[in-house]
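Here's the structure we're looking at; comments come further down.
The values are calculated or read from the model by the stated rules, or taken from the named source; none is laboratory data. Everything numeric here is computed off the predicted structure, so don't read it as measured data. Please note: Cβ atoms are built from the backbone with ideal geometry, for glycine as well, and neighbour counts cover all protein chains shown.
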Amino acid sequence: MLGEIYKITQDDLYELLKRLARNHKIIGPVKKGSRVIFDYADKVSEVLVDYDKRILLPPKKFFLPPREVLFEYEILENDVIIRDRLGEISREKRVLIGVKSCDITSIEILKKTFDRHFKDPYVLTRIKNTVIIGVMCRDVSPTCFCYQAGSGPLPRTGCDLFLTRLSDDYLIEVKSEQGQRILNNNKDLLKTASSEDIQIRNRIIDELIERMKRNNLPELAEAYDSLVSSYESELWNMYAEKCLACGKCNFVCPTCHCFDVHDEVSLDFRYGARIREWDSCHFLSFTRVASGEIFRKDRSSRIKQRIYHKLVYSVNDIGVISCVGCGRCVEVCPASIDIREVIRKFVRR
Ligand code: SF4
Ligand code: SF4
């Protein structure tokens, strides 16, 4: 049943992963040199299931890769052959484990974004074919604000199973029918969770929320009206003077999804590939059109675009804000531009 919570030992959790690995590729936090990143795991034992903090680079790349060949084509004398990559993508079943609540919500946002009037089969197929196993954070980084963004510390939806680390065991919560099916097939690994276990979990959630409340940040959903009425504010010029238009904030953001599409063609024009690559609304080239006109020449209009897209346009387009409060953009910005400070400045409380 959805919402049901069981208990599983760490060894049995890895056994569950081993069983899933028989017909899925496993993606999770793995150590690469001195860093932990989301990557395909060669062996289940490599996966650091409850890595305590959210990882700097989000799992977005497994749904919307930084660069991907959508299809290749070959022009024959009287025909054109198209080799679409979608078939390959459809065959790949994956488990993504170790995802924190902010990133789970970001995958939901990607799904809503790519499933509107135009349905992107590449992104949507990857999401559909991925079992998502989330895990509760054990620590809050100074830049986290998932609570105010409404994306955490416990996700409402967007994953199949959700883990909470107790001292030696995990609680495992059913979050979807797919998650239920997985547990039904592996009942031998599960134990009953006691009411004390659930209380411990609830205390962990309360503590995480308490720590984030110290941010003194309004709920992000409240920013809509204030931003709409502040479009001409002088403050945007101040941010424009600081911003280097490097695009780092876009590239680490789990919900930024703008891309460019171009063809790479052989010199004899007989072969080609259609490529999709991440782009950034901070780049001058982003709004350059065929005639050479650039619609967002001023840096202030570009920084405004990112903030308005997150907190206003996204609400208009998909019904939710598209900032999940992961704090990654705050962490990487070389000009110390902090989206929380922008919100505090504009939202009248
Ligand atoms: S990371 Fe900072 S400096 Fe770079 S584009 Fe984003 S806001 Fe501007
Ligand atoms: S805008 Fe910043 S804090 Fe919000 S989801 Fe993107 S990277 Fe995270």
Item to check | Cβ pairs under 7 Å, 6+ apart, first in segment 96-125 and among the polar types (S, T, N, Q), second part of a helix (DSSP H, G or I) | outcome: SER101/CYS146; SER106/LYS60; THR113/ILE318; THR125/LEU86; THR125/ILE89; THR125/SER90
Checklist entry - Which of the residues that make up segment 80-112 are more than 22 Å from LEU56 (Cβ to Cβ) and either within 16 Å of ligand 1 (Cβ to nearest atom) or polar (S, T, N, Q) (or both)? => result SER90
Item to check | Residue check, ILE97 more than 16 Å from ligand 2 (Cβ to nearest atom), assigned by TED's automatic domain parsing to the domain that holds LYS18 and out of contact with any Asp or Glu (no Cβ under 9 Å at 6 or more places or on another chain) | outcome: yes
Item to check | Close pairs (8 angstrom Cβ cut-off, 6 or more residues apart or separate chains): assigned by TED's automatic domain parsing to the domain that holds GLU331 and modelled with pLDDT under 95 in segment 247-269, more than 16 Å from ligand 1 (Cβ to nearest atom) and not β-branched (Val, Ile, Thr) anywhere | outcome: none
Checklist entry - Can you name the condition, by its number, that GLU264 falls short on among (1) within 16 Å of ligand 2 (Cβ to nearest atom); (2) not in a loop (DSSP other than H, G, I, E, B)? => result (1)
Checklist entry - Restricting to segment 227-244, what's the tally of residues that are away from ligand 2 (no atom under 16 Å from the Cβ) and either over 27 Å from the mean Cα position of the chain (by Cα) or surrounded by 16 or more Cβ atoms within 10 Å (Cβ to Cβ) (or both)? => result 12
Next on the checklist: Return the residues of segment 207-232 that are of a type in the set (Asp, Glu) and more than 18 Å from THR143 (Cα to Cα); say none if nothing qualifies.
Outcome noted: GLU222, ASP225, GLU232
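Please find, among TYR40, TYR51, TYR73, the residue that is among the aromatic types (Phe, Trp, Tyr) and under 30 Å from ILE209 (Cβ atoms). Step through it out loud before you land on a result.
Working: TYR40 fails: under 30 Å from ILE209 (Cβ atoms); TYR73 fails: under 30 Å from ILE209 (Cβ atoms).
Only one candidate passes the filter, namely TYR51.
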Checklist entry - When residues of segment 227-239 are filtered for being over 11 Å from VAL342 (Cβ atoms) and near ligand 1 (Cβ under 9 Å from one of its atoms), how many remain? => result 0
Checklist outcome for this item: Scanning segment 321-349 residue by residue, the ones that are without any contact (Cβ under 8 Å) to a residue 12 or more places away in the chain and surrounded by 24 or more Cβ atoms within 10 Å (Cβ to Cβ) total 0
Checklist outcome for this item: (1) closer than 21 Å to ILE109 by Cα; (2) within 15 Å of ligand 1 (Cβ to nearest atom) all hold for VAL320 apart from (2)
Next on the checklist: Looking at (1) touching an Asp or Glu at 6+ places or on another chain (Cβ under 7 Å); (2) in the same structural domain as GLY158 (by TED's automatic domain parsing), which one does PHE71 not meet, given that it meets all the others?
Outcome noted: (2)
Checklist entry - Out of segment 276-310, which residues are under 18 Å from the mean Cα position of the chain (by Cα) and away from ligand 1 (no atom under 15 Å from the Cβ)? => result GLU277
